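Here is the structure we will look at, set down as structure tokens.
The values are calculated or read from the model by the stated rules, or taken from the named source; none is laboratory data. Being a predicted model, the structure only gives us computed values, none of them experimental. Positions of Cβ are generated from backbone atoms using ideal geometry, with glycine treated the same way; all protein chains shown enter the neighbour counts.
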Amino acid sequence: MANFFKNLFVRNSKLTTDQLIVKKTIISFFFFFLLSGAAFWGWKWLQGQSSDGAFGSGIKPPLRTVLNKNEKFFNNWLSDKHLAKAFPLSAAAKNVRVNGDLGLGNNFDPATWKLYVIKAKGDTLALTLDDIKKLPKTEIIFDFKCIEGWSQVTHWGGVKFSDFVKAYGLTAETSMKYLGLNTPDEEYYVGIDMPSAMHPQTLLCYEMNGQPLPMNQGYPLRLIIPVKYGIKSIKRIGTMYFDNERPPDYWAERGYDYFSGL
Ligand SMILES: Nc1nc2c(c(=O)[nH]1)N[C@H]1C(S)=C(S)[C@@H](COP(=O)(O)O)O[C@H]1N2
Ligand SMILES: [Mo]
């Protein structure tokens with residue numbers, strides 16, 4: 001037995017093939033147990049960390065740190081004004097896919113719809129579609145990507161969120177970290193990091209293929225945000241608000257990435 005372990009300290013070139021195999025096997029096992037121990041210890045340590053619990057995500061702070069670092073990276077990437085690829089009008093689909101109808105229930109009265117912009121407690125703007133249509137119009141034709149795996153080149157028109165902000169003097173509000181948007185019945189809701197909301201291709205959209213939005217596409221007003229997966233392009237916006245904390249987000253609450261950037 002003593003001989004058996006002694007070979008561990010003898011140079012490889014001085015060992016027979018059999019002795020060398022034994023030596024390498026012992027060394028492999030040694031590292032296997034060492035690394036298993038380290039992995040187990042790391043896992044125990046992570047379990048011992050309390051969860052952040054924000055919106056029920058229950059993410060451990062060390063992992064949250066990694067997620068936040070990722071987010072910072074994407075924010076920096078966005079601030080470089082990378083643009084989603086634009087397509088010619090001829091590429092735009094005539095039959096636009098309808099996906100998801102949460103918050104688009106029948107008990108909706110288009111005649112009384114207003115966009116409520118909550119600036120602060122007790123300070124809410126109530127805007128009509130005409131108010132929004134008076135602002136400069138921007139059109140975009142881009143490849144709309146759903147997280148479920150399909151994509152479609154589609155044509156949208158509306159006001160850039162950044163132009164809307166300028167027109168309504170919302171600069172103080174948009175210095176906050178997040179934008180929150182809800183359907184009028186609050187059944188669907190998203191949170192958008194402000195750099196993505198302020199991206200030059202993000203629209204408060206009221207037209208599809210040059211026509212008013214159809215009901216199932218979110219009439220009268222939806223978000224179009226090409227730098228994100230489709231889940232963030234909320235149809236039928238009822239209220240808009242601003243926060244430094246992450247606003248609740250329907251699909252993030254169900255396990256999808258909060259950022260959902262492309
Ligand atoms: N109000 C509301 N907006 C929504 C959804 C929804 O279910 N309800 N689904 C989202 C998803 S998953 C996608 S892919 C897009 C689909 O937009 P479309 O129906 O115009 O194709 O809308 C997003 N906006
Ligand atoms: Mo989607």
(request) Could you check, for segment 163-176, whether at least one of its residues is assigned to a strand (DSSP E or B), touching a Phe, Trp or Tyr at 6+ places or on another chain (Cβ under 8 Å), assigned by TED's automatic domain parsing to the domain that holds ASN68 and more than 16 Å from ligand 1 (Cβ to nearest atom)? (result) no
(request) Starting from residues that are among the hydroxyl-bearing types (Ser, Thr, Tyr) and part of a strand (DSSP E or B), keep the ones in segment 213-262 and report whichever is surrounded by the most Cβ atoms within 10 Å (Cβ to Cβ). (result) TYR241
(request) Quick one: which residue in ILE224, ILE231 is within 10 Å of ligand 1 (Cβ to nearest atom), within 23 Å of THR171 (Cβ to Cβ) and under 22 Å from the mean Cα position of the chain (by Cα)? (result) ILE224
(message) Residue pairs, Cβ under 8 Å, 6 or more apart or interchain, first in segment 98-116 and free of Cβ contacts under 8 Å to residues at least 60 places away in the same chain, second more than 11 Å from ligand 1 (Cβ to nearest atom) and among the small types (Gly, Ala, Ser). List them.
(response) LYS114/ALA126
(message) Kindly evaluate ILE147 against the criterion of being hydrophobic (A, V, I, L, M, F, W, C), surrounded by fewer than 22 Cβ atoms within 10 Å (Cβ to Cβ) and assigned to a loop (DSSP other than H, G, I, E, B).
(response) yes
(request) Quick one: in segment 219-241, of everything that is among the small types (Gly, Ala, Ser) and closer than 18 Å to VAL153 by Cα, which residue is nearest to ligand 2 (Cβ to nearest atom)? (result) GLY230
(message) Restricting to segment 7-27, give me the number of residues that are assigned to a helix (DSSP H, G or I) and surrounded by 10 or more Cβ atoms within 10 Å (Cβ to Cβ).
(response) 12
